[in-house]
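Throughout, read-outs are computed from the coordinates displayed, never taken from laboratory work. These figures come from a predicted structure and were not determined experimentally. In this analysis, Cβ positions are derived from the backbone assuming ideal geometry, glycine residues included, and neighbour counts consider all displayed protein chains.
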Amino acid sequence: MVPGTQTKFIAANGLTFETAVAEPTGPEQAGPDGAGPDGAGGPRKLALLLHGFPELNYSWRHQIRTFTDQGYTVWAPNLRGYGMTTRPLGMSAYSLDRLVEDVAGLIDEAKAQGIADEVCLVAHDWGGIIAWSFMLGAVRPVDRFIVMNLPHPTRFVEEFRTWKQFKRSWYTLFFQIPWLPEKLLGANGAEGIGKAFANMAVDKSRFPDFVLATYREAARRPGALTAMVNYYRAAMRRRTPYHDLWSDPPVIETPTLMVWGEEDTALCVETTERTEPLMRDFTLRRLPGVSHWVQQEAPEAVNAMVAAWLAGRDVPQAGDLTDLPRLPEQSVHVTSSDGR
C-alpha cells in the first residue's frame, strides 16, 4: 500500500502487524551480519514509524526515502486494529499499556532479525501518545525520537485544563459514546473519515480523492472503526502506569526532534511551549500555515528538517525552506511478501 515499500506481516506481542518495509539505500546502509556496503562492520539502524488516527502507515509515504537514504531500515506498521493488522475485540485490548507493548514487541523482533542495533522512533498523533509513553517508561533503549503534532503528555494535560485546548478536544468525549461515533464516521462509505483530512487540511490539494479513498476503504473493513475509536475509549477509562508518568515525568534523555504544523485544529500550539525542561536534548521546528497532518501536507519541509537532524546538521527553520520542489503524490500500489 505504501509506495516504495514491500508489505510484510510481522509477528509481535501476540499480534500480526501489516508493515510497510523498506531497506536502507544511503551510504550508511549495512548489509547482512552488520556488514556495511563496502564490507566494513557497522550498526544496523531501524526507523519505526507510528501513524495516528484515522490514518494508516500510508501517512508516512513521503518520508520513507528520507530514512532509507540515511541508512535506516524502515518499518511502518499499521497499528493494532488498523488495515490488515490483527484487530482484537473489546475496548480493553486498546489500552495504552497494550499499545506500548506492541512497540516493544516490534523492536524486539527487529533486534532478533539483526536490523535494530540503533532505533529511531518516529510518531504522529496517536502514534505520538504511544511513543511518548514508551519514552517516558524507558521500555526499550531508543537512540533518537521524532514526534510530529503530538505534545509531551505532561504539557497536554496542563493545557487540557484551559478552555482553548478543551474545546479542541471535544471529540474525545464524543468518542466515549457507544456505537454512535462509528455509525457517523462510517456512513456513506466512511465519508466522515475523508472529511477528517479534507476539512482540517490547509492545503487541501495534498489530499486528492485517491488519497482520501485509501483511508476510507481501510475504515470500512469490518470492525475497523470500532477498533480505532476504542483507542480513545480505553485512554479515558483504563488508567495505566503510563498515565502516572504523564503527571510526574522523568526527564527524557534521548535526543528528540518535534515538528509541528501550527494550524492544528485539534491541538493548540501552546502545548509545544515549556517542553524544554522536560527534555535533555530537544529541537522544535514549527511550520506556519500547515495543519495537523504535517508530514502529509508539508512533506518537503518535514523531510528537509528530519534529514538535517538525522545527519547532525543544523535543522532549518520553516522560512529557509520556501523554494523546495513539490513531491509528487503517488497512487496506492499494494505489494505483499506472502501473497496477501
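The H on the amide N of Leu287, modeled in the peptide plane, is under 5 Å from the matching H of Trp260, Gly261, Glu262, each at least 5 residues off or on a different chain. Along the range 63-74 the Karplus relation, 6.51 cos²θ - 1.76 cosθ + 1.60 evaluated at θ = phi - 60°, assigns HN-Hα couplings of 9, 3, 5, 4, 7, 5, 5, 8, x, 9, 7, 9 Hz to successive residues, with x for each Gly and Pro.
Taking a straight Cα-Cα cut-off under 26 Å and skipping sequence neighbours fewer than 8 places away in the same chain, the lysines within cross-link reach of Lys8 are Lys45, Lys111. The modelled label-to-label distance for the pair Met236/Glu23, using points 7 Å beyond Cα in the direction of Cβ, is 4.7 nm. Which of Gln176, Phe145, Thr162 sits farthest toward the positive end of the charge dipole of the range 134-194, with +1 on the Cβ of Lys and Arg and -1 on the Cβ of Asp and Glu? So the residue we want is Thr162. Per DSSP helix of 4 or more residues, -39500 (n - 2.57); summed, then divided by the residues of the chain. What does that give at 222 nm, rounded to the nearest 500? Only helices count here, giving -10000 deg cm²/dmol. A crude spin-label estimate for the pair Glu329 and Asp117, with each label 7 Å from Cα along the Cβ direction, gives 4.0 nm. Net length available on complete extension from Tyr171 to Arg274 is 34.5 nm, with 0.36 nm assigned per residue and the Cα-Cα distance removed. Here the 3J(HN,Hα) profile of the range 174-180, calculated from phi with Karplus coefficients 6.51, -1.76 and 1.60 at θ = phi - 60°, is 4, 5, 6, 6, x, 6, 5 Hz, Gly and Pro shown as x.
Counting only C-alpha contacts under 8 Å and six or more residues apart, can you give the relative contact order of the chain as a whole percent? Don't jump to the answer; show the numbers that get you there.
On the way: 654 pairs, mean separation 70.3, N = 340.
Reported relative contact order: 21 percent.
Tally Lys and Arg at +1 and Asp and Glu at -1 over the other residues with C-beta under 13 Å from the C-beta of Leu245: what net charge comes out? So the environment of Leu245 carries a net charge of -2. Using R₀ = 30 Å, calculate the FRET efficiency as 1/(1 + (r/R₀)^6) where r is the Cβ-Cβ separation of Phe9 and Leu184; round to 0.05. Once rounded, the FRET efficiency stands at 0.45. Just going by the charge dipole of the range 230-327, with Lys and Arg at +1 and Asp and Glu at -1 on Cβ, which of Pro316, Leu287, Leu267 is farthest out on the positive end? Going by the charge dipole, the pick is Leu267.
Placing one equal scatterer on every Cα of the chain and applying the Debye formula, the log10 ratio I(q)/I(0) at q = 0.07 Å⁻¹ is -0.26. With equal scatterers on the alpha carbons only and no solvent term, can you work out the Debye log10 of I(q)/I(0) for the range 235-340 at 0.12, 0.23 1/Å? Treating every Cα as an identical point scatterer, log10 I(q)/I(0) equals -0.60, -1.25.
Assuming R0 = 41 Å, what is the FRET efficiency of Glu300 and Arg161, from their Cβ-Cβ distance, to the nearest 0.05? Approximately 0.70, to the nearest 0.05.
Bridging of Lys183 to aspartates and glutamates at a Cα separation below 14 Å is possible for Glu191, once same-chain residues fewer than 8 apart are set aside. Placing +1 on each Lys and Arg Cβ and -1 on each Asp and Glu Cβ, with no other charges, gives the chain a dipole about its Cα centre of roughly 1180 debye.
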